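Colleague: Have a look at this one before I ask anything.
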Amino acid sequence: MQAYAEELRATFARLQEEAPAVHEKARAVQITEKSRDGLISATVGPRGDLIRLDIDPRVYRRPDSRELADSITETVHRAAEKAQDRVIELFEPLIPAEQMKAHLDGDLGGVLDQMAAQMLGEK
């Protein structure tokens, strides 16, 4: 138990030291994705929030609003997924990827299960 407590202290100290810089990098994440037809470009931030949306005027050649909406939604979702992957990648030296993903997904049970497994030496 003493060894685990020391490990926790060391991990916490490392987090305190390195996390602010990693956090700043994560906050700066911007991912741009293009739609499959190349007519839509969506840029999202680290939380998947839409920062910029560009729509090529050629979309008006096919005036199908449902297709346009679906294409925008799909493009934004792919960009958001890649942004989340990038944030997880940035934090991986400090926080295990599965734990970070569970945290970003709002999966409190998953986070707690992973922490319990770590405390029991299972992960």
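Colleague: List the pairs whose first member sits in segment 57-74 and is in contact (Cβ under 8 Å) with a residue 24 or more places away in the chain, whose second member is polar (S, T, N, Q) and surrounded by 10 or more Cβ atoms within 10 Å (Cβ to Cβ), and whose Cβ atoms are under 9 Å apart, counting only residues at least 6 apart or on separate chains?
Modeller: Going by the 9 Å Cβ cut-off, the qualifying pairs are S71/S35; I72/S35; E74/S35.
Colleague: Give me the pairs, please: first residue somewhere in segment 1-25 and under 15 Å from E89 (Cβ atoms), second residue anywhere and in a helix (DSSP H, G or I) and not small (G, A, S), beta-carbon distance under 7 Å, and either six or more positions apart or on two chains.
Modeller: V22/L90; V22/F91; K25/L90
Colleague: Go through segment 53-90 residue by residue and tally those that are β-branched (V, I, T) and either surrounded by fewer than 17 Cβ atoms within 10 Å (Cβ to Cβ) or outside any helix (DSSP H, G or I) (or both).
Modeller: Residues that pass the stated criteria total 2.
Colleague: Kindly provide the set of residues from segment 44-92 that are among the hydroxyl-bearing types (S, T, Y) and modelled with pLDDT under 95, ordered by number.
Modeller: Matches in segment 44-92: Y60, S65.
Colleague: With the structure loaded, tell me whether G110 is modelled with pLDDT under 95 and surrounded by 12 or more Cβ atoms within 10 Å (Cβ to Cβ) or whether it fails that test. I'd like the intermediate steps shown before the answer.
Modeller: Working: modelled with pLDDT under 95: yes; surrounded by 12 or more Cβ atoms within 10 Å (Cβ to Cβ): yes.
Judged against the criteria, G110 is a match.
The values are calculated or read from the model by the stated rules, or taken from the named source; none is laboratory data. Note that this is a predicted model, so its numbers are computed, not measured. Here Cβ is always computed from backbone atoms with ideal geometry, including for glycine, and neighbour counts include all displayed protein chains.
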